[in-house]
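Taken together, the values in this text are just the output of simple stated rules run on the coordinates, not laboratory data. Just so it is clear, the model here is predicted, and its values are computed rather than measured. Neighbour counts are summed over all protein chains in view; Cβ atoms, including those assigned to glycine, are modelled from backbone coordinates with ideal geometry.
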Amino acid sequence: MAFKGLHSVLEKAMKEQLPGGRYFEPTEELREQSKSVIPHNKIPERVFGMLDFFLRYRPNASTISNEAFLMFVFNKTSEWLDSLPQEEKEKLLTDSIKEGRNIRAKYQKRLAQITEARKQKLKDKQIALEKKQKAALKTKSKHTCNIIYFGLWQKTDQVNAILDEIEGLIVDAGDGPGEERSSRNIPLFVGKRVSHAFNDGKWKGHVISVVKGFPDFYNIVYDTDMTDVGDTSSASAIYTYKLKEDYRNGNLEIIPEVDTEDN
């Protein structure tokens with residue numbers, strides 16, 4: 001099993017070196033181009049080893065500082081400078097100091113851009129997470145309202161009874177003849193406490209009845225019109241709306257019984 005896995009890895013990683021690959025039988029031109037390529041990874045390993053030491057020994061050092069030190073050591077810059085005439089050496093050092101300021105300025109600018117990009121990425125991620133949570137909460141709220149509206153089917157006989165009435169419910173929800181809908185209408189909102197949304201806000205109230213002869217219209221009283229909240233008989237006004245349309249459009253929510261004391 002181990003050799004099978006190793007074979008699969010090598011087949012993908014060394015594809016160009018295997019028969020049929022680009023480097024299996026390299027051309028003379030390719031050999032000439034690759035003469036300067038080192039046949040091992042000792043130097044990169046040394047670079048990473050020294051960088052790892054720097055990160056542990058002086059964790060507050062900047063990336064550009066570590067990069068400059070590594071390049072100075074591995075390129076043997078000191079030996080090269082010592083081989084130059086003193087005048088040329090001083091000129092190169094002066095120019096390097098000036099160029100160093102420009103490099104540091106570019107580094108700081110780039111670092112700020114990277115930091116800002118990371119902040120924006122985190123911000124976008126947070127916004128996406130909030131949208132996802134709001135969508136999940138909205139879905140759960142809709143399911144809760146549907147359970148309150150249609151009732152929770154807890155027994156087999158309840159399921160069978162409701163399934164027998166599906167045809168009537170479909171007609172009631174469609175655009176069938178008014179008389180047929182009237183005869184099959186089930187006033188599921190009556191007695192429910194609801195939150196009714198308008199352009200100027202949401203208003204809580206109680207659905208008290210269906211308008212006689214007009215099954216699509218429901219009578220509703222709002223908390224602001226009741227002298228005693230919860231006592232519908234104390235209401236100073238009764239309003240009539242097509243609550244089913246508002247419910248389907250998301251402008252009406254049924255409030256669970258546990259929240260009936262909220263205003």
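Numbers for the structure displayed
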| quantity | calculated |
| --- | --- |
| Region 188-217-region 22-51 distance, computed between alpha-carbon centres (Å) | 79 |
| Long-range HN-HN contacts of Lys192 with modeled amide H, under 5 Å | Val207 |
| Calculated FRET value between Leu81 and Ser34, using beta carbons and R₀ = 22 Å, to 0.05 | 0.10 |
| Phi to ³J(HN,Hα) by Karplus 6.51 cos²θ - 1.76 cosθ + 1.60 over region 101-114, Hz, x for Gly, Pro | 5, 5, 5, 5, 5, 4, 5, 5, 5, 5, 4, 5, 5, 5 |
| Peptide ranges 229-237, 82-90 listed from the most packed, as the mean C-beta count within 10 angstrom indicates | 229-237, 82-90 |
| Proxy reagent accessibility, fewest Cβ within 10 Å first, across Met1, Met14 | Met1, Met14 |
| Residue-averaged 222 nm ellipticity for the chain, from DSSP H runs of 4+ at -39500 (n - 2.57), nearest 500 | -18000 deg cm²/dmol |
| Built amide H within the under 5 Å cut-off of Ala235, gap 5+ | Thr227 |
| Residue order, fewest to most beta carbons within 10 Å, for Arg248, Arg104 | Arg248, Arg104 |
| FRET E, pair Ser141, Trp203, Förster distance 25 Å, beta-carbon r, rounded to 0.05 | 0.90 |
| Two-site FRET efficiency, Thr115 against Leu163, from Cβ-Cβ distance with R₀ of 41 Å, rounded to 0.05 | 0.10 |
| For Lys204, residues with placed amide H under 5 Å, excluding near neighbours | His196, Asp223 |
| Within-14-Å neighbourhood charge of Lys134 [Cβ basis; K, R +1; D, E -1] | +4 |
| ³J(HN,Hα), Karplus 6.51/-1.76/1.60, whole Hz, each residue of region 215-228, x for Gly, Pro | x, 7, 9, 10, 8, 9, 10, 9, 4, 5, 9, 9, 5, 10 |
| Residue-span extension gain [Met14 to Ser65] - 0.36 nm each, minus C-alpha spacing | 14.8 nm |
